[in-house]
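Visitor: The structure's right below; bear with me while I get my questions together.
The values are calculated or read from the model by the stated rules, or taken from the named source; none is laboratory data. Predicted, not measured: the structure shown is a model, and the values here were computed from it. Cβ placement follows ideal geometry from the backbone for every residue including glycine, while neighbour counts extend to all protein chains displayed.
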């Protein structure tokens, strides 16, 4: 569940904050490795496939989700800034509603003690676009996604701690 949401009336942005019991490099990896992204990005009811993820400035990304009936929901964008393991800046567009592009900035703050705070700042083209996204069920979906990311990070952290030193 998202720990903090800032959604101010009349503003074009949403700011979400979540802390994880995982080192920043591991959170970064979970957000940039296509194999890991496909395990948490989107609701459990959909199968997520990362078709493209070129994590570099100017690199493209595309993710497709499929439901049990075979319906597809695709999203894509362009990475504008990539500063590992601190920040990602990219566009986000749902292909089912072309032309409604938002700019997302994800920051990864090392809290020490193998804890990381991730902040997602979404800036929409208009207040109407932001409100439409909220009305589509985005809040509940973001809670589920953050829970899935947290579960993945716990598994990854356990696996890394259990791995023998080389």
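Visitor: Could you tell me which numbered condition residue 36 fails, if it satisfies all but one of (1) assigned to a loop (DSSP other than H, G, I, E, B); (2) in contact (Cβ under 8 Å) with a residue 60 or more places away in the chain; (3) crowded, with 16+ Cβ neighbours inside 10 Å?
Guide: Going through the list (1) assigned to a loop (DSSP other than H, G, I, E, B); (2) in contact (Cβ under 8 Å) with a residue 60 or more places away in the chain; (3) crowded, with 16+ Cβ neighbours inside 10 Å, residue 36 breaks only (1).
Visitor: Quick one: is residue 123 in contact (Cβ under 8 Å) with a residue 60 or more places away in the chain and more than 15 Å from the chain's Cα centre (by Cα)?
Guide: It is false that residue 123 is in contact (Cβ under 8 Å) with a residue 60 or more places away in the chain and more than 15 Å from the chain's Cα centre (by Cα).
Visitor: Of (1) surrounded by 15 or more Cβ atoms within 10 Å (Cβ to Cβ); (2) under 21 Å from residue 132 (Cβ atoms); (3) in contact with a helix residue (DSSP H, G or I) (Cβ under 9 Å, 6 or more places away or on another chain), residue 11 satisfies all except one. Which?
Guide: Of the numbered conditions (1) surrounded by 15 or more Cβ atoms within 10 Å (Cβ to Cβ); (2) under 21 Å from residue 132 (Cβ atoms); (3) in contact with a helix residue (DSSP H, G or I) (Cβ under 9 Å, 6 or more places away or on another chain), the odd one out for residue 11 is (1).
Visitor: Looking at the stretch 124-152, which of its residues are more than 19 Å from residue 9 (Cβ to Cβ), exposed (fewer than 13 other Cβ atoms within 10 Å of the Cβ) and modelled with pLDDT of 95 or more?
Guide: Matches in the stretch 124-152: 151 only.
Visitor: So, one more: Test residue 110 against the stated conditions and say whether it is modelled with pLDDT of 95 or more, touching a helix residue (DSSP H, G or I) at 6+ places or on another chain (Cβ under 7 Å) and surrounded by fewer than 17 Cβ atoms within 10 Å (Cβ to Cβ).
Guide: Working: modelled with pLDDT of 95 or more: yes; touching a helix residue (DSSP H, G or I) at 6+ places or on another chain (Cβ under 7 Å): yes; surrounded by fewer than 17 Cβ atoms within 10 Å (Cβ to Cβ): yes.
Considered against the rule, which asks whether it is modelled with pLDDT of 95 or more, touching a helix residue (DSSP H, G or I) at 6+ places or on another chain (Cβ under 7 Å) and surrounded by fewer than 17 Cβ atoms within 10 Å (Cβ to Cβ), residue 110 comes out as yes.
Visitor: Sticking with this one: Out of curiosity, is residue 18 at pLDDT 95 or above, in contact with a helix residue (DSSP H, G or I) (Cβ under 6 Å, 6 or more places away or on another chain), closer than 25 Å to residue 160 by Cβ and assigned to a strand (DSSP E or B)? Explain how you work it out, then say what you get.
Guide: On the way: at pLDDT 95 or above: yes; in contact with a helix residue (DSSP H, G or I) (Cβ under 6 Å, 6 or more places away or on another chain): yes; closer than 25 Å to residue 160 by Cβ: yes; assigned to a strand (DSSP E or B): yes.
Here the answer is yes, as residue 18 does meet what is asked.
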